[in-house]
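What follows is one structure encoded as structure tokens, with my remarks underneath.
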Amino acid sequence: MAFNMVTRYAHSPEDMDRFDTEQLRSEFLMEKIFSAGDIYLTYTYNDRMIFGGVTPTTKPLEIKLDKQLGVDFFLQRRELGFINIGGAGSVTIDGQEEHIEPHDGYYISMGTKHVIFASDSADKPAKFYVVSTPAHRAYPSKKLAYKDSISMPMGDQEHMNKRVIHKYIDASTMDTCQLQMGYTVLEPGNSWNTMPAHTHARRMETYLYTEFGDPDTRVVHFMGTPDHTKHIFLEPDQAVVNPSFSIHCGVGTTNYAFIWAMCGENQTYSDMDQVDMHALR
Ligand SMILES: O=C[C@H](O)[C@@H](O)CC(=O)C(=O)O
Ligand SMILES: [Zn+2]
């Protein structure tokens, strides 16, 4: 089993504007998230979010981060959310095992000592996309079944952005210190997400793009300030960090899905600054 955590620093809008393709990719793109039998995480200094993939096969996996975070155990001062985009599996939270179907998720309380991830079948491993943010108090752990997510249909075929936003961790229906998380699915024949674009200077956001129509599908993700945009080409199951000042939207060569996660100043999903189409450069 490989455990890998990389650090990504925070940048100014001017930094992002100056970066060439390689720099932009190395600073903001996580190329490897799911690797059979391994844990791959990124620690970003943008609001100290930790995100990545846990992919158990024959053996269960546990995220162990104590020295790196200067604490006694990983979730001593953090909360954790995940959505499973692989096969069925389980999570054992301080000794209590919960079955996890594809597209089910979980919110796990600050103070939890052991979170153990497992797959039902090594041939079709679960792919747990995990996100952890700093927390100040313990709120109850909660199963987040796909069927219980808050579905928000958005967009239309004419604008090629017909999609359903499934909110999993939403402060209007449950307690969470900082983390908000969800899964957005584009309808067949639709390619644009989060267009019209927005920013939210009060929150940073990560996007994991997944479930592409075919292996040659690519999503072009746009970032930067509205008047100085940049783009990154993504393969399936890659993630991108979006600093608070940055737009975050994308277009694919087929339909696809993505998992978004946010943290920062507030938990108001609708606190977005819509970008006027005339302002985009
Ligand atoms: O701040 C909110 C996030 O960017 C996403 O929820 C947007 C999204 O899923 C979409 O428009 O499809
Ligand atoms: Zn957003």
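Read-outs: derived from the displayed coordinates by stated rules, not from any lab. As the structure is a prediction and not an experimental result, all values here were calculated from the model. For neighbour counting, all protein chains shown are included, and Cβ atoms are generated from backbone atoms with ideal geometry for every residue, glycine included.
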Helix-only mean residue ellipticity at 222 nm, the chain, DSSP H runs n ≥ 4 weighted -39,500 (n - 2.57), per residue, nearest 500. What is it?
-1000 deg cm²/dmol
How much space per residue, in cubic angstrom, does the convex hull of the C-alpha atoms of region 24-97 take up?
123 Å³
Taking only the alpha-carbon positions of the chain as identical scatterers, the Debye log10 I(q)/I(0) at q = 0.07, 0.08 Å⁻¹ comes out as -0.23, -0.30
If I stretch the segment between T253 and M152 completely, what's the gain in nm (0.36 nm per residue apart, minus their alpha carbon distance), one decimal?
34.0 nm
Cross-link reach from K32 to aspartates and glutamates, straight Cα distance under 19 Å and at least 8 residues apart if same chain, gives E22, E62, E205, E211, D214, D216, E235, D237
Expressed as a whole percent, how much of the Cα-Cα distance distribution for region 50-168 exceeds 22 Å?
38 percent
How much length is gained if the chain between Y9 and Q68 is pulled fully straight, taking 0.36 nm per residue apart and subtracting their Cα-Cα distance, in nm to one decimal?
19.7 nm
At 4 °C and a viscosity of 1.567 mPa s, what translational diffusion coefficient does Stokes-Einstein give for region 151-281, taking Rh as the Kirkwood radius over Cα pairs? Give it in µm²/s as a whole number.
87 µm²/s
For region 221-272, the convex hull over Cα atoms projects on average to an area in nm² of 4.3 nm²
Computed magnitude of the charge dipole of the chain (debye, nearest 20; Cβ of K, R +1, Cβ of D, E -1)
520 debye
Taking only the alpha-carbon positions of region 180-232 and ignoring solvent, what does the Debye formula give for the base-10 log of I(q)/I(0) at q = 0.25, 0.27, 0.29 Å⁻¹?
-1.32, -1.44, -1.51
With 0.36 nm assigned to each residue of separation and the Cα-Cα distance removed, H228 to E187 gains 11.8 nm
Against the rule of thumb 2.2 N^0.38 Å, how large the Cα Rg of region 129-226 comes out:
1.21
By the mean-Cβ-within-10 Å protection proxy, highest first, 166-173, 6-13 rank as 166-173, 6-13
Neighbour cut-off at most 14 other Cβ (10 Å), DSSP loop, GluC sites (Glu not before Pro), region 1-106
E31
I want the antiparallel fraction of DSSP beta bridges within the chain, as a percent rounded to 5.
95 percent
